[in-house]
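Undergrad: Take this structure, written in structure tokens, and hold onto it; I'll ask about it next.
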Amino acid sequence: MVALTLSPTKTLFLNSHLLHSTFKPHFINPYSTKTHRFHSSRFLSFNLVTCKLKSPQDIKNKDKNISKKIVLSEAAPSLAEKDGDGGGGGEGNGNGEVKAKSGGSLMRLVKRFPRKVLGVLSNLPLAIGEMFAVAALMALGTFIDQGEAPDFYFQKYPEDNPVLGIFTWRWVLTLGFDHMYSSPVFLGTLVLLGASLLACTYTTQIPLVKVARRWNFLDSSEAIRKQEYSDTLPRASVQDLGVLLMGAGYEVFLKGPSLYAFKGLAGRFAPIGVHLAMLLIMAGGTLSAAGSFRGSVTVPQGLNFVVGDVLGPTGFLSTPTDAFNTEVHINRFYMDYYDSGEVSQFYTDLSLFDLNGKEIMRKTISVNDPLRYGGITIYQTDWSFSALQILKDDEGPFNLAMAPLKINGDKKLFGTFLPVGDAESPNVKGISMLARDLQSIVIYDLEGKFSGVRRPGSKLPIDIDGSRIVIVDAIGSSGLDLKTDPGVPIVYAGFGALMLTTCISFLSHSRIWALQDGTMVVVGGKTNRAKAEFPEEMDRLLDRVPEIVESSRSKEPDNVSG
């Protein structure tokens, strides 16, 4: 490895500011003993610090007082001496090692079999087909109602009238399409897609990264001129080019008259990150589908339920935890309303108790503001009308159960009935009460005629057919959804990594080779992206390389005398 050593009184910082500095030293050409002076004809003119190409042994034995130096490379992979295209030599070496280790036809057959399998799995058309299959199964899972009882599918997909002429309930139940995302068909397709991603990463992406990290020197002008971009500097130094490339963000390596530089190696790692991110997403989705618990419950205000009695497993990976023994108490349910009278939000005040009856948590939840405890999430999703508390002729209070009604397509309509007279009579009559929410009750008399509207808690009585009625309170029921989803953190991490690595994958991996041929420098380069911008970048860099012009002593008396 070689190094650029600076003069004892100067420190060289490899950045753009250096390249515009105005030092006026002499340049020592490693291929000549003559002294030269910089000026530019084709290039932009600037001056550099006096520098000299030295071997590692020279640097080790130099004067200890000269301690400031720039090493063009410190730690890097082993050198690849020559590569026809600048990147394929590493693979050739790898194949040679495998061939040397193979002993006998049987061993070669054993070693080839996994490679053939990997070759099939890493086939791009196969991977694309697997992705389309996963997408089709997910769309089918959206179309088919999930988690219903078998009778539901018997009626919706009957054999005497199959969908599309062939699709009946037998397809749904046999293939597990009633629980699509934990069915063997869907999980098997995900496993196959994951295997293809791993095979592609192992057989294609990792070798590309290994090759990209190697030093790949080209020691012939013809090989450099075959690159996507090539140019010739008639009177220049490869060391000057190296300094400029380092200032432009390249990793630069020198070996004798040869130079190799690269930047944007992260773009080579990005496809591996994309594959791993997709695997994370699929693993998290699989864990969510096959290892979760879900359940729904509607609980009146003031009652309790046990979490484990509500939650049911979704797949074979579902495992209950100690938090399933938690008891949930509905302290209060209430709603907010718009000025128009429509419901704007509903709330539930919850308390959680352990097995000893100790309250361990309390929170008021609402839509989009759930309660989370021990991996269990409790969502506020619905509400209902449980009971109407009334006073009749100053007696009570009595709780009248409210039943949901469906009249004229009303989604939320509840009603109850207060018997008047002999309850054992076959033609019993009574007072009817209807409500769409918890803020107002519509009351009808014995003949079904409208009698009035009362607000719960107003204590305003209403007289109907000799009975005095007071609406004390409206007791609501909270509709809760409970679930455990251990795959959510994994899915979120996978999507975050996918976005990051997708952006990184757009970084160009650019490589440059140069060779000092006498006083001429042959330069070539290539990039995997930004094909149009790369030649422009190279032209700008090469325009800044100083041209070396030999000066006579008669024309520079000051330099000679100095």
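Undergrad: Which residue, of L317, L287, is open to solvent by 40 Å² or more (accessible area, probe 1.4 Å), under 30 Å from L192 (Cβ atoms) and in contact with an Asp or Glu (Cβ under 9 Å, 6 or more places away or on another chain)?
TA: The unique qualifying residue is L287.
Undergrad: Moving on. Just name the residue that is farthest from V310 (Cα to Cα) out of those in region 347-359 that are of a type outside the set (D, E, K, R) and buried (at least 16 other Cβ atoms within 10 Å of the Cβ). Reasoning before the result, please.
TA: Keep residues of region 347-359 that are of a type outside the set (D, E, K, R), which gives 347-348, 350-353, 355-357.
Remaining after also requiring buried (at least 16 other Cβ atoms within 10 Å of the Cβ): 347-348, 350, 352-353.
On the way: Y347: 20, T348: 17, L350: 16, L352: 15, F353: 16 Å.
Result: Y347.
Undergrad: Let me ask something additional. Only residues that are in contact (Cβ under 8 Å) with a residue 60 or more places away in the chain and of a type outside the set (S, T, Y): list them for region 165-183, please.
TA: Selection gives H179 alone.
Undergrad: Just need a number here: residues in region 305-314 that are open to solvent by less than 40 Å² (accessible area, probe 1.4 Å) and outside any loop (DSSP other than H, G, I, E, B).
TA: Taking region 305-314 and keeping what is open to solvent by less than 40 Å² (accessible area, probe 1.4 Å), we get 305, 307-308, 310-312.
Filter once more, keeping what is outside any loop (DSSP other than H, G, I, E, B): 305, 307-308, 310, 312.
Residues meeting the conditions: 5.
Undergrad: List the residue pairs whose Cβ atoms are under 6 Å apart, where the first residue sits in region 430-447 and is closer than 12 Å to L413 by Cβ and free of Cβ contacts under 8 Å to residues at least 40 places away in the same chain, the second is of a type in the set (D, E, K, R) and open to solvent by 40 Å² or more (accessible area, probe 1.4 Å), and the two are 6 or more positions apart or on different chains.
TA: R436/K412
Undergrad: Given the residues I443, I512, which is the only one that is assigned by TED's automatic domain parsing to the domain that holds Q380, open to solvent by less than 30 Å² (accessible area, probe 1.4 Å) and not small (G, A, S)?
TA: I443
Undergrad: Right, here's the next one. Yes or no: region 416-428 includes at least one residue that is assigned to a strand (DSSP E or B), under 22 Å from L303 (Cβ atoms) and not basic (K, R).
TA: Yes.
Undergrad: Any idea which of (1) crowded, with 19+ Cβ neighbours inside 10 Å; (2) in contact (Cβ under 8 Å) with a residue 40 or more places away in the chain is the one S451 doesn't satisfy?
TA: Every listed condition holds for S451 apart from (2).
Undergrad: Then there's this: Evaluate region 284-304: report whether one residue or more is in a strand (DSSP E or B), touching a strand residue (DSSP E or B) at 6+ places or on another chain (Cβ under 8 Å) and of a type in the set (S, T, Y).
TA: Taking every residue of region 284-304 in turn, at least one turns out to be in a strand (DSSP E or B), touching a strand residue (DSSP E or B) at 6+ places or on another chain (Cβ under 8 Å) and of a type in the set (S, T, Y).
Undergrad: Same structure, new question: I'm trying to understand the selection: among the residues of region 457-474, which are in contact (Cβ under 8 Å) with a residue 60 or more places away in the chain and open to solvent by less than 30 Å² (accessible area, probe 1.4 Å)?
TA: The answer is S467, I469, V470, I471, A474.
Undergrad: Just give me the residues in region 262-279 being open to solvent by 40 Å² or more (accessible area, probe 1.4 Å), within 29 Å of A514 (Cα to Cα) and in a helix (DSSP H, G or I), in sequence order.
TA: A266, R268, F269
Undergrad: While we're looking at this one, here's another question. Does region 360-373 contain any residue that is touching a residue at least 40 places away in the same chain (Cβ under 8 Å) and open to solvent by 20 Å² or more (accessible area, probe 1.4 Å)?
TA: Yes.
Undergrad: Still on this structure: Is it fair to say Q239 is in contact with a Cys (Cβ under 9 Å, 6 or more places away or on another chain), over 30 Å from R115 (Cα atoms) and either open to solvent by 10 Å² or more (accessible area, probe 1.4 Å) or part of a helix (DSSP H, G or I) (or both)?
TA: Criteria met by Q239.
Undergrad: Answer yes or no as to whether S344 is exposed (fewer than 13 other Cβ atoms within 10 Å of the Cβ), in contact with a strand residue (DSSP E or B) (Cβ under 8 Å, 6 or more places away or on another chain) and outside any loop (DSSP other than H, G, I, E, B). Can you show your working first?
TA: Numbers: exposed (fewer than 13 other Cβ atoms within 10 Å of the Cβ): yes; in contact with a strand residue (DSSP E or B) (Cβ under 8 Å, 6 or more places away or on another chain): yes; outside any loop (DSSP other than H, G, I, E, B): yes.
For S344, the condition - exposed (fewer than 13 other Cβ atoms within 10 Å of the Cβ), in contact with a strand residue (DSSP E or B) (Cβ under 8 Å, 6 or more places away or on another chain) and outside any loop (DSSP other than H, G, I, E, B) - is met.
Undergrad: While we're on this one: On the given criteria, is R268 of a type in the set (D, E, K, R), under 28 Å from M361 (Cβ atoms) and touching a residue at least 12 places away in the same chain (Cβ under 8 Å)?
TA: Taking the combined requirement at face value, the residue does not satisfy it.
Undergrad: Right, next: Filter region 113-170 for residues that are among the aromatic types (F, W, Y), open to solvent by less than 60 Å² (accessible area, probe 1.4 Å) and either within 27 Å of R294 (Cα to Cα) or modelled with pLDDT of 90 or more (or both) and give the result.
TA: So in region 113-170, the residues among the aromatic types (F, W, Y) come out as 113, 132, 143, 152-154, 157, 167, 169.
With the extra rule that they be open to solvent by less than 60 Å² (accessible area, probe 1.4 Å), the set shrinks to 153, 157, 167, 169.
Scanning region 113-170 gives Y153, Y157, W169.
Undergrad: Give me a count of the residues in region 453-483 that are in contact with an Asp or Glu (Cβ under 9 Å, 6 or more places away or on another chain) and aliphatic (A, V, I, L, M).
TA: 5
Undergrad: Now a separate question. Scan region 184-202 for residues that are of a type outside the set (A, V, I, L, M, F, W, C) and surrounded by 17 or more Cβ atoms within 10 Å (Cβ to Cβ) and jot them down.
TA: Once the filter is applied, which keeps residues that are of a type outside the set (A, V, I, L, M, F, W, C) and surrounded by 17 or more Cβ atoms within 10 Å (Cβ to Cβ), region 184-202 yields T189, G194, S196, T201.
Undergrad: Going through region 127-161 one residue at a time, which ones are in contact with a Lys or Arg (Cβ under 8 Å, 6 or more places away or on another chain) and within 25 Å of V117 (Cα to Cα)?
TA: Within region 127-161, no residue meets the criteria.
The values are calculated or read from the model by the stated rules, or taken from the named source; none is laboratory data. Predicted, not measured: the structure shown is a model, and the values here were computed from it. Note that each Cβ is placed from the backbone with ideal geometry, even for glycine, and that neighbours are counted across all protein chains shown. Side chains are part of the model used for accessible areas, which takes the heavy atoms of the whole protein and leaves out ligands, DNA and RNA. Shrake-Rupley method; radii C 1.70, N 1.55, O 1.52, S 1.80 Å.
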